[in-house]
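All of the numbers you see were taken from the coordinates with simple rules; none came from a lab. None of the values given here were measured: they were computed from a predicted structure. Quick reminder, even Gly has a Cβ in these numbers, built from the backbone with ideal geometry, and neighbours come from all protein chains shown.
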Amino acid sequence: MDGTIREGYLWNPGDAGYAMVAVAKLVLNGTPIVDGVEIPGLGKAIVDVDDKQIKVEKTMIVNKDTIGDLIKQGL
């Protein structure tokens, strides 16, 4: 709150768990997991088949303007 840290970025672990379940559901439904596949609630995914990675850009920006809301949410 006092500006000691200007800005940081976090990934919500709840979103990470949700993403894993959402991808599993897509697989079970026969949806191809390819670059640009939509992960419900998280957006389009960047899929790297060779490295076995699925990424979405849903980071939380933490700064003096957002920290109060994050604390209220218990994050």
Any chance you could count the Lys pairs in the chain whose alpha carbons are under 17 Å apart, treating pairs 8 or more apart or on different chains as valid? 6
Local charge sum around Leu10 (other residues, Cβ-Cβ under 14 Å, Lys/Arg +1, Asp/Glu -1)? -3
Measure nothing but the geometry: give the 0 to 90° angle between the long axis through the Cα atoms of 13-28 and the longest principal axis through the Cα atoms of the chain, rounded to 10°. 10
If a/c stays under 1.5 just call it rounded; otherwise compare a/b with b/c (prolate if a/b is bigger, oblate if not). Do that for the chain, with a ≥ b ≥ c from the square roots of the Cα gyration tensor eigenvalues. prolate
Quick check for you: which residues of segment 39-64 have the amide N under 16 Å from the point 7 Å beyond the Cα of Val21 toward its beta carbon? 39-42
Over the chain, what is the relative contact order in percent, taking alpha-carbon pairs closer than 8 angstrom and at least six residues apart? 38
